[in-house]
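Structure record follows, encoded as structure tokens.
The values are calculated or read from the model by the stated rules, or taken from the named source; none is laboratory data. Quantities reported herein were computed from a predicted structural model and do not represent experimental measurements. In this analysis, Cβ positions are derived from the backbone assuming ideal geometry, glycine residues included, and neighbour counts consider all displayed protein chains.
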Amino acid sequence: MKPKIAAQSGTFESSDVIFLIEPLPDNSGRKLDISSTVMQQYGSSFNRIVTEMLDEYQMTDIHLIAKDKGALEPTIKARLETAINRSMERQEGTL
Amino acid sequence: MLYIPGNNPAMIQQGGVYGADSILLDLEDAVALNQKDAARTLVRNMIKVVDFYDAEVCVRVNHLSTPFGLADLETIVPLQPSAIRYPKTESAEEVAELLKIIERIEDRHGLPHNKMTLHAMIETAMGVQNVFNIASMFRRVDAITIGGQDLTADMNIVYTADGVGIDFARKRIVMAAKASHIDVIDTVFPDVNDEEGLRRETEYAKKIGFTGKAVINPRQIDIIHDVFTPTEEEIRKAYHIVKEFRMNTAAGIGVFAIDGKMVDAPVVSRAEYILKLANVTVG
């Protein structure tokens, strides 16, 4: 699936993460820009969670920017799910 | 009962450490209209993994008349928190309709109808008028609460620290709960810096019959516990009354005196309630 519109979710607050999703031209694949205040400790785990969820939703032609402030796994998953749904125009609260 | 905004991960993950008897994850007034979807998804994920220790976990959903109410129920009911708190409840018919929807969702997920309960919030003049039917007609309604801010708004009056505008509503709601043998929780005290005011209002709430009080800040929990927890003297006295009552009952004596004061069934009942609150059993 390809995002229909640009969308975001989350906040810059501590223990949260903000995701911004933008659609890319066809056949562009995925472009991930991930930064985290705990990148050294949990960066690989964060990347794994994001990649697994994008796989699960079969997302492609997507530019995903993440700015993490130490979010736990349920928060990362909730924020990414919300951003994906918003980018697919499936939920209210889009940009 | 500690209110926690449903879209704040830091507060949710720390919610269990403050010692509140009950955690209320709020999808309603504490969440901005354009973040309802985000809060719903976050609360769903957090309930599954966060340890709230001994606290009862409730979720306040949005009213069914909003675009968010049904989606909240579809997401939260399958998780079976201790209770769903329903805002601005105005009639028994409304509760019946809500329970029908909840039970339909439970059926779809193979869940029982007797685990999760319902807390009805009374926040409008119409709700106050109909509160006895709301409190008494449904097995799953095990608590009612008063929402002071919304109620004053509905009454077109200003919420004042002395609570005079909602005093009738408070007492009517308490009486409906007592007649229905369910819990009744007082509204929040909005000024987190006024500890004396919080204590005064909590003491009043206890005096007129409320069984608990909602808080919006963990700093308020200790004062609420302090007011609602029986003192050592009260517990000792209650223990003495219940013990004497049992001895006298065994001897065939119905009414007796302790320290020159008559002890009869209502006094014993009150003493038993204090011991129950204090978790004390008479050996």
Tell me, yes or no, whether region B:7-19 has at least one residue that is among the β-branched types (Val, Ile, Thr) and either touching a residue at least 60 places away in the same chain (Cβ under 8 Å) or surrounded by fewer than 20 Cβ atoms within 10 Å (Cβ to Cβ) (or both).
yes
Evaluate the following for B:Val184: is it surrounded by 18 or more Cβ atoms within 10 Å (Cβ to Cβ) and at pLDDT below 90?
no
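Out of curiosity, is B:Ala161 in a helix (DSSP H, G or I) and in contact with a helix residue (DSSP H, G or I) (Cβ under 8 Å, 6 or more places away or on another chain)?
no
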Could you give me the residue pairs with C-beta distances under 8 Å whose first residue belongs to region B:172-190 and is farther than 12 Å from B:Gly209 by Cα, whose second residue is among the polar types (S, T, N, Q) wherever it lies, and which are 6+ apart or on separate chains?
B:Ser180/B:Ser136; B:Thr187/B:Thr145; B:Thr187/B:Gln149; B:Val188/B:Gln149; B:Phe189/B:Thr202; B:Phe189/B:Gln220; B:Pro190/B:Gln149
Looking only at region B:37-65, count how many residues are small (Gly, Ala, Ser) and either surrounded by fewer than 24 Cβ atoms within 10 Å (Cβ to Cβ) or outside the structural domain of B:Asp142 (by TED's automatic domain parsing) (or both).
2
Among the residues in region B:110-121, are any over 16 Å from the mean Cα position of the chain (by Cα) and within 17 Å of B:Ser65 (Cβ to Cβ)?
no
Residue check for B:Ile134: within 22 Å of B:Pro190 (Cα to Cα) and either not charged (D, E, K, R) or not assigned by TED's automatic domain parsing to the domain that holds B:Val215 (or both)
no
What's the number of the condition A:Val50 fails, among (1) modelled with pLDDT of 95 or more; (2) surrounded by fewer than 19 Cβ atoms within 10 Å (Cβ to Cβ); (3) not basic (Lys, Arg)?
(2)
